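Below is one structure, written out as structure tokens; comments come after it.
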Number of protein chains: 2
Amino acid sequence: MAGPDRKPTIIDVARLAGASIKTVSRVINKERYVSPDMQERIEKAVAELGYQPNMMARSLASERSNLIGHLYGDAGGPYTLEIQVGLLNRCRAHGYHLMIEEIDYRSPNVEQRASAIVNQMRLDGVVLTAPVTDNPIVLRILEEAGVPYVRVTPQQESETSPSVRIDERQAAYTLTQHLLALGHRRIGFIKGKANHTATILRYTGYCEALTDAGVTVDPVLVEQGEFTYASAVACARRLLDQPHRPTAIFASNDEMAAAVVAEAHNRGFSLPANLSVVGFDDTPLAEMMWPPLTTVRQPVREMAETAADILIGLLSQRGKVDWPKPVPHQVLAHTILLRQSTARPPGKA
Amino acid sequence: MAGPDRKPTIIDVARLAGASIKTVSRVINKERYVSPDMQERIEKAVAELGYQPNMMARSLASERSNLIGHLYGDAGGPYTLEIQVGLLNRCRAHGYHLMIEEIDYRSPNVEQRASAIVNQMRLDGVVLTAPVTDNPIVLRILEEAGVPYVRVTPQQESETSPSVRIDERQAAYTLTQHLLALGHRRIGFIKGKANHTATILRYTGYCEALTDAGVTVDPVLVEQGEFTYASAVACARRLLDQPHRPTAIFASNDEMAAAVVAEAHNRGFSLPANLSVVGFDDTPLAEMMWPPLTTVRQPVREMAETAADILIGLLSQRGKVDWPKPVPHQVLAHTILLRQSTARPPGKA
DNA sequence: CGGGAGGATGGCACCGCTGTCATTGCCGCC
DNA sequence: GGCGGCAATGACAGCGGTGCCATCCTCCCG
């Protein structure tokens, strides 16, 4: 059973099927104009030889690499992974392969690196996630190279590239409303890393909900975090040290919410009786911590899948229309998950 | 400043530098036998044109793709991501690119898919993580294709492929010893998914520690979990429902430990006073839950880096030695993290 | 019954690079 | 002074496909 030691090429298939190379190529690529019996003969030959087209040769000749790149900044925990799973799902379904590249957006040679990634590998398309979604250098290089790209949760929607996101402002608004409805009036807020889109939108939603409910935003109750556990511990301390402390705390992500919960536990608070806490993102952590965290779920995987679909759709019509306009900007639905970390404030049965 | 719209090729560089294509190729590939001034001229031309070698063409001509694949089964949360980060670090450092492929090891066409991945993309090497590390079909295909691969935490070390792992048995042994040292004698154990290597090794370590300390392994205290939160909730219930219940519980991973903690909280236990809990893996969850979990940290990223190093080392000497023998089997050091989820058993001040 | 449309197939250049081998020039050594 | 040896360079044939165009055949229609 030891076949020929060299991998079969299209030539071998052609010879075996008694057809020309070109016709085999047509069958492989599911092009039209091949008679049924010829097709069958070729398919049989392909199966018999276990022929697998060489992607490298294919790409070289056709200027299409069947490669989609995922560019991201720092490996953002479960989020990044979910994105990849989503992308992978779609890539697989459409015969694309996924290439992942981290890019240090702070480094001075972002340009060089981004260019290397895009140009050397001849990526067909790219999906961008935070924090490179809005990096001007990366975007420029992509534009220059003419590589289509889709951005997941960009800061600003652009006219040249599609995007996918959820309405974070709205989500934060609703979540804050939930706390208000429970009777909370002093609601602390821990912001995320400065300048992140998410930080701004979530904070805006919080402020608007309060204002709309006739509650003034008290700057004393707003802390600046960094999206990390450690940063939030300090914030939680300051918040809980206050004489007239908040009865609820809205942390801009789950990790920071976990820090608040831990700090509260440390002080012997019973949750949620003494303090309500909400997070954002619904990381796996959220339902495994105790008490399970009320939070917002972004359909991250689905967002990635949508991004991939848009990209692949774009690629498939390459050459026909250069770019559909206006480019799509999808807003996916989020879910508010009410779990057990929220309750009426103490004293208000 | 709008250069030529076509990407520069090696020919353009050669022309500009007044050299032959081949010599440019030599410079690009850092081969010997190029005079200093020629080298300089070529490098200048490369810089001036912003020339980037086309990987596809390079691969086609050289039979080397500079592509390393990461094959994994189900997206295993933070673990998989850490692996990728580790691999990425090394790939970047050595000019390789990472291609990630999920492979449904239960599907009937694993063979087809594995073969497609390996043969179509002409991967130079592959890193395997659970649960495909020991899939016979995948391994066979890799062997047949002659693609070097490294396995991270395989069930069985093989003579044909290097591996990287930690001593899980020893880690579980030490962790159990810790509980014993605190004074616990009734120590519950929640096993992982049946047939996983990790499950067996961790359980073995637990048993041996007990036995060595003169404590009999009580089957009533051993539950079969599945590495998931949900599975462990049921186990925890059964364990805690027992009249003579354990004073400590060793869950085979952090996620299951979180379930035990949650169940204990539900029952109003105060942790760790009423019940000690330990996990395994040190997922981000471990330090963010409350109380922070005593667990074992596998240097996952480092393991991935080691795997990549081994692989890249192998690739770089391709053709010289076909395979170093014996192949390396690295065992990396783990860390026992004593946090606040463990204490002396109740009644033993 | 001639001509044209369009399906089916093949020929061949070429994608951008590397491997192999040939060639050149120079140096050292007997 | 002739010659082997080696550094330095180049010529050229592929690697395994695809794009474009030519060709052939069949069928339909005026």
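None of the figures in this text is laboratory data; all of them are computed from the coordinates on show. All values reported here derive from a predicted model rather than from experimental measurement. Don't worry about glycine lacking a Cβ; one is built from the backbone with ideal geometry, like all the others, and counts go over all protein chains shown.
General remarks:
- Top of B:ARG106, B:ARG238, B:ARG202 by mean-square fluctuation, Gaussian network on chain B, Cα under 10 Å: B:ARG106
- Largest first, the three principal axis extents of the alpha carbons in region B:83-161 are 36, 28, 21 Å in whole numbers.
- Inter-chain Cβ neighbour average for residues B:57-66, partner chain, 10 Å: 3
- Proximity of backbone amide H atoms, modeled 1.01 Å from N, is registered between B:HIS184 and no other residue at under 5 Å, excluding neighbours fewer than 5 places apart on the same chain.
- Using θ = phi - 60° in the Karplus curve 6.51 cos²θ - 1.76 cosθ + 1.60, the 3J(HN,Hα) couplings for region B:268-279 round to x, 5, 9, 9, x, 4, 8, 7, 9, 9, 10, x Hz; x is entered for Gly and Pro.
- For region A:159-252, the Kirkwood estimate of the hydrodynamic radius, built from every pair of different alpha carbons, is 13.7 Å.
- Of B:ARG41, B:ARG58, B:ARG297, the one that fluctuates the most in a GNM where chain B has Cα springs shorter than 10 Å: B:ARG41
- Calculated FRET efficiency for the pair B:PHE269/A:ASP241, C-beta based, R₀ 30 Å, to 0.05: 0.60
- Residue-count net charge about A:ALA232 - beta-carbon cut-off 9 Å; Lys, Arg +1, Asp, Glu -1: -4
- Under a Gaussian network description of chain A, with springs only between Cα atoms under 10 Å, the residue in A:THR197, A:THR294, A:THR211 that fluctuates furthest is A:THR211.
- Between the Cα long axis of helix B:197-212 and the first principal axis of chain B there is an angle of about 40°, rounded to the nearest 10.
- Between B:GLU31 and A:LYS22, the distance separating the two model label sites (each 7 Å from Cα on the Cα→Cβ line) works out to 3.5 nm.
- Space enclosed by the convex hull of the alpha-carbon atoms of the protein assembly as shown, per residue, Å³: 200 Å³
- Förster-model FRET efficiency, 41 Å R0, B:SER107 and A:THR211, C-beta, rounded to 0.05: 0.15
- Whole-percent pair-distance distribution, where bins are 10 Å wide, for the alpha carbons of chain B: 5, 21, 24, 18, 14, 8, 6, 3, 0
- Beta bridges per DSSP with both ends in chain A, % antiparallel, nearest 5: 10 percent
- Computed from the C-beta positions of A:THR204 and A:LEU338, the FRET efficiency with R₀ = 30 Å rounds to 0.85.
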